[in-house]
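Quick notes on the structure that follows.
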Amino acid sequence: MLATLVPLLLLSPIATPSTAGPSAPSPSPSSSPATGPVFPFPRLEQRLDNGLRTVVVPTDKSGFFALYELVGTGSRDEVEPGRSGFAHFFEHIMFKGTKAVPADARVALLASLGVDESGFTTDDFTGYSLVGPAEALPRILELEADRYQNLTYGEDVFRVESRAVLGEYNKNFSNPDNKAEEALFDLAFDKHTYKHTTMGFLADIEQMPDGYRYARSFFERFYTPDNVLLVVVGDVDPDAVHAATARAFAGWKGRRAKTDLPDEPPLSAERRRTIGWANPTQDRLHVGWRVPSAVDDPKQAALGLLLQGYAFGPSSALARQVVLDDQLAESVDAAWSMHKDASLFPVASTIKEGKRPDDVLDRVQRALDAIGEGTIDARRFDDVRSNLRYGLLMQLTSAESIASTLVFVSGPSLDTGAVDAVHAALAALTPADMQAYVRAHFGRAQRAVVVLHHESTPSKKEGAR
């Protein structure tokens with residue numbers, strides 16, 4: 001899972017709460033929200049006949065470029081039973097080279113050019129990034145066009161890399177928070193592929209070495225030009241970049257396969273799961289509520305961002321009460337992010353020794369219930385909204401930071417206009433909108449709850465509520 005897309009720098013003081021019920025609207029925020037596009041740089045887009053899009057964002061004369069390649073496939077597309085984890089697998093295999101430029105030669109070439117590369121996988125999309133001197137960009141575009149059109153790996157390489165994926169799973173899920181998160185999504189979804197993490201189900205990863213032919217078909221179905229967005233930011237000439245992209249990628253062919261996802265029935269009653277942890281550790285509480293797609297309606301994305309900062313930011317009343325005043329937990333954090341489909345709004349807490357996870361859960365739910373009933377601090381509402389806008393602008397300090405900020409908001413939709421659409425929706429929100437959002441989606445009967453504890457902890461500690 002990918003954490004929240006825009007870091008919150010919630011340093012504003014907590015004001016005195018104001019109450020606003022259905023018949024008593026919340027007071028207006030203390031100042032009018034900023035309007036207009038939030039992204040301060042031009043975005044120049046080119047679409048080739050094969051569907052590949054390139055967005056160029058020219059910036060200052062820093063001498064550097066950042067290239068982010070977004071592939072519109074993630075663990076969401078792993079609909080075949082027993083085949084979870086392949087989107088993440090291709091994040092690995094894409095570094096194995098081609099006949100023209102084998103893996104070792106690629107590493108040497110990038111080093112000689114002074115270019116760093118990386119990759120990541122999310123529920124909805126996969127990304128690859130390259131950052132380096134601007135004069136290296138034309139060669140990099142040629143290299144990347146070769147990689148997407150001529151990726152080469154044999155079954156022996158496939159098997160070895162699938163074992164590396166298993167090792168990564170074992171490493172990542174030796175962390176109790178990751179294990180609790182995995183259990184939460186498994187509990188919260190019955191049919192949708194958001195049920196599993198980007199790494200996939202463990203049983204599927206263990207069987208991955210036998211999936212060589214399936215892997216080839218996965219690549220052919222989803223690594224297609226109409227399913228890829230290139231974002232180039234930095235000290236570049238947009239016309240030259242577009243011309244170089246056309247030369248390198250125009251011959252690439254293919255059309256993305258459609259992903260048919262089953263309908264996920266709504267949660268009608270609280271779901272609970274308690275999992276044990278072999279090694280001594282503090283209890284963990286992970287709870288989530290399903291919320292609508294953040295891609296279909298920018299307002300939903302704005303509401304998710306705003307609620308996350310308002311209710312769960314480090315300066316929130318909840319954090320002050322649970323972490324500082326009552327000393328119930330080390331932390332209580334939300335980790336919402338934009339998704340293509342209805343997804344989960346997850347909240348996680350590390351419980352202090354001797355304290356009860358259910359007590360923290362009760363405080364979290366009461367904080368949400370208060371918002372749903374209209375108890376909303378109008379000044380904090382405005383402060384958080386302002387922080388989201390100007391906090392984003394504060395991140396835009398280099399070609400790489402500009403590209404990554406744009407990419408993580410754009411990724412689920414493959415639309416770089418999403419950043420301005422979300423912030424336009426954010427500027428239009430009222431406290432009544434947040435109240436309605438919480439009332440619709442954050443009830444006690446709509447939540448999934450996972451508690452992780454050391455196995456020696458008495459199980460009666462977590463009785464059903």
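Of all lysines in the structure, those lying under 26 Å Cα to Cα from LYS340, and not within fewer than 8 positions of it along the same chain, are LYS179, LYS191, LYS195, LYS253, LYS258, LYS299.
Between GLY132, ALA257, VAL407, the Cα set farthest toward the positive side of the dipole of the chain (charges on each charged residue's Cβ, about the Cα centre) is that of ALA257. I want the antiparallel fraction of DSSP beta bridges within the stretch 271-462, as a percent rounded to 5. Antiparallel: roughly 75 percent of the beta bridges in the stretch 271-462. Taking a straight line from the alpha carbon of LYS355, these aspartates and glutamates sit under 19 Å away, with near neighbours fewer than eight places off in the same chain left out: ASP177, ASP283, ASP325, ASP326, GLU330, ASP333, GLU455, GLU462. Pairs of C-alpha atoms in the stretch 327-465 farther apart than 19 Å represent 64 percent of all such pairs. Relative to its Kirkwood radius, the Cα radius of gyration of the chain gives an Rg/Rh of 0.98. Find me the longest stretch of the chain that has none of the exposed GluC sites (Glu not before Pro), where exposed means in a DSSP loop (not H, G, I, E or B) with at most 14 other Cβ atoms within 10 Å. After excluding every exposed loop site, the longest remaining stretch is 1-352.
Applying a DSSP loop filter and a limit of 10 other Cβ atoms within 10 Å to the trypsin sites (Lys or Arg not before Pro) in the stretch 68-160 leaves LYS99.
Under a point-charge model restricted to the Cβ atoms of Lys and Arg (+1) and Asp and Glu (-1), what is the dipole moment magnitude of the stretch 271-462 relative to its Cα centre, in debye to the nearest 20?
Approximately 500 debye in magnitude.
Relative contact order, percent, of the chain when contacts are C-alpha pairs under 8 Å separated by at least 6 residues?
Taking the mean separation of contacting Cα pairs over the length of the chain, I get 27 percent.
Of the trypsin sites (Lys or Arg not before Pro) found in the stretch 268-367, none is in coil by DSSP with at most 13 other Cβ atoms within 10 Å of its Cβ.
Separation of the stretch 317-355 and the stretch 195-225, taken as the distance between their Cα centroids, equals 32 angstrom.
Only Lys, Arg, Asp and Glu carry charge here, each on its Cβ (+1 for the first two, -1 for the last two); on that basis the chain has a dipole of about 640 debye about its Cα centre. Ordered by the count of other Cβ atoms within 10 Å of each Cβ, fewest first, MET94, MET394 give MET394, MET94. Fewest-first ordering of SER268, SER398, SER404 by other beta carbons within 10 Å of each residue's beta carbon gives SER268, SER398, SER404. Nearest 10 degrees is fine. How inclined is helix 137-150 to the longest principal axis of the chain, computing both from alpha carbons? Value to nearest ten degrees: 90.
Each reported figure results from applying straightforward, stated rules to the coordinates on display, with no laboratory input. What you see is a predicted model; the values in this text were computed from it and never measured. As a convention, Cβ positions derive from the backbone with ideal geometry for all residues, glycine included, and neighbour counts pool all protein chains shown.
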